[in-house]
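The values are calculated or read from the model by the stated rules, or taken from the named source; none is laboratory data. Being a predicted model, the structure only gives us computed values, none of them experimental. FYI the Cβ positions are ideal-geometry reconstructions off the backbone, even for glycines, and counts take in every protein chain you see. These accessible areas exclude ligands, DNA and RNA; they are computed on the full protein's heavy atoms, side chains included. Shrake-Rupley method; radii C 1.70, N 1.55, O 1.52, S 1.80 Å.
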Amino acid sequence: MRLLIPGGAGYIGSHMVRYAQERGHDCVVLDDFSTGHEWAVKDCEILRVNLLDHDRLSQLLKGRHFDGVIHFAAKSLVGESVKKPDLYYRNNVAGTLNLVHMMRSNDVNNLVFSSTAAIFGNPVTDRIAEDHPKNPINPYGQSKLMVEHMLRDICSANDFNATCLRYFNAAGAHESGEIGEVHDPETHLIPNVLKAALSNKSSLKIFGDDYPTPDGTCIRDYVHVTDLAQAHLLGFERMQKNKGFSAFNLGNGDGFSVLEVIKGCECIANNEIQFQVDARRNGDSAVLVADNELGLRELNWNPEYRDINDIIKSAWYWHNSEKC
Ligand SMILES: NC(=O)c1ccc[n+]([C@@H]2O[C@H](COP(=O)([O-])OP(=O)(O)OC[C@H]3O[C@@H](n4cnc5c(N)ncnc54)[C@H](O)[C@@H]3O)[C@@H](O)[C@H]2O)c1
């Protein structure tokens, strides 16, 4: 298959490109490198363009055939989205609308879209299934939910297929140690804990230890980035038979607290990790864990990294690699 991958130079997108290449697919990366990295992409054509640049996008994509698009390009910092909502709605919603417009004018009708658990807002059930109420509590989550609504309507009105995959917490790295997670600023727990393990002066902060959880810290669901890539290709294959709009929650279905993750990292790094407890952050729910039954069944998804320690080990390997 020939796949266009917007956001393919970012953390999850670059793992998607590797995964697809390893299975013989031809990938073209489209990225403006606002948060992506050139070193993360190899052996494929790169289209350097911002999705908001309608004219250049049209020029670059005109007349080109793709079997489909796997779309990761977005801004995804919750705090930044609260401060700059217009940036998030423009980049994530208008950018996706431009992309879909280009796809339709080039007769490319299959899209897999990176959505997020942030569309659900505060959970009202222990595990979050696809039909859980959707009340995002920040502009980032809102922008992704808007795209989901937009895609549902476009699929109903046209011969267009979209699969939205709502990830919980992506984590881990490619087994080669050549690519892994690098965000600036890094807001994700595992890379920050592992960086603290490698540094003499740890400035690691955890936010709140008075949540209604067994150890008082927030509980999250971590899903390995290669398992996410697997789910995207499966989502793509499923769309060949199941036309129209679909959405699946992608998580491991198990939750781990911040302190459990720190303990796991200490064991793997063989080092005691110092941290400070800070106040709770606005908008952090106590527990966010996926009900992943529908995705496992419908996508035929078979995640390899079911144990949190294996996810941490793969991230640790990346953090110790020369490339990181
Ligand atoms: N990392 C997670 O845990 C997580 C969880 C849920 C959902 N997501 C979603 O997954 C996707 C990928 O996340 P990530 O962690 O890899 O982020 P990332 O920032 O590493 O990657 C995003 C990529 O998109 C590119 N990009 C952004 N806006 C663009 C634009 N307008 N035009 C062209 N390129 C643009 C960036 O340069 C970057 O390469 C995002 O859509 C994010 O919302 C991530």
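The number of residues in segment 27-36 that are closer than 15 Å to Val182 by Cβ, surrounded by fewer than 21 Cβ atoms within 10 Å (Cβ to Cβ) and in contact with a Phe, Trp or Tyr (Cβ under 9 Å, 6 or more places away or on another chain) comes to 1.
So, Val193, is that one part of a helix (DSSP H, G or I), under 17 Å from Ile312 (Cβ atoms), touching a Leu at 6+ places or on another chain (Cβ under 8 Å) and not polar (S, T, N, Q) or not? The answer is yes for Val193. Can you tell me which residue within segment 8-26, out of those that are assigned to a loop (DSSP other than H, G, I, E, B) and open to solvent by 10 Å² or more (accessible area, probe 1.4 Å), is farthest from the ligand (Cβ to nearest atom)? The qualifying residue farthest from the ligand (Cβ to nearest atom) is Gly24. Looking only at residues that are under 21 Å from the mean Cα position of the chain (by Cα) and open to solvent by 30 Å² or more (accessible area, probe 1.4 Å) in segment 45-60, which one is farthest from Arg2 (Cα to Cα)? It comes out as Leu52. One residue alone among Glu298, Glu304 is under 21 Å from Arg18 (Cα atoms), touching a Ser or Thr at 6+ places or on another chain (Cβ under 8 Å) and open to solvent by 40 Å² or more (accessible area, probe 1.4 Å), and that residue is Glu304.
Pairs meeting the criteria (first residue in segment 4-17 and without any contact (Cβ under 8 Å) to a residue 12 or more places away in the chain and closer than 21 Å to His65 by Cβ, second residue near the ligand (Cβ under 6 Å from one of its atoms) and open to solvent by 10 Å² or more (accessible area, probe 1.4 Å), beta carbons under 7 Å, at least 6 apart or on different chains) are lacking.
The set of residues from segment 121-137 being out of contact with any Phe, Trp or Tyr (no Cβ under 9 Å at 6 or more places or on another chain) and acidic (Asp, Glu) comprises Asp126, Asp131.
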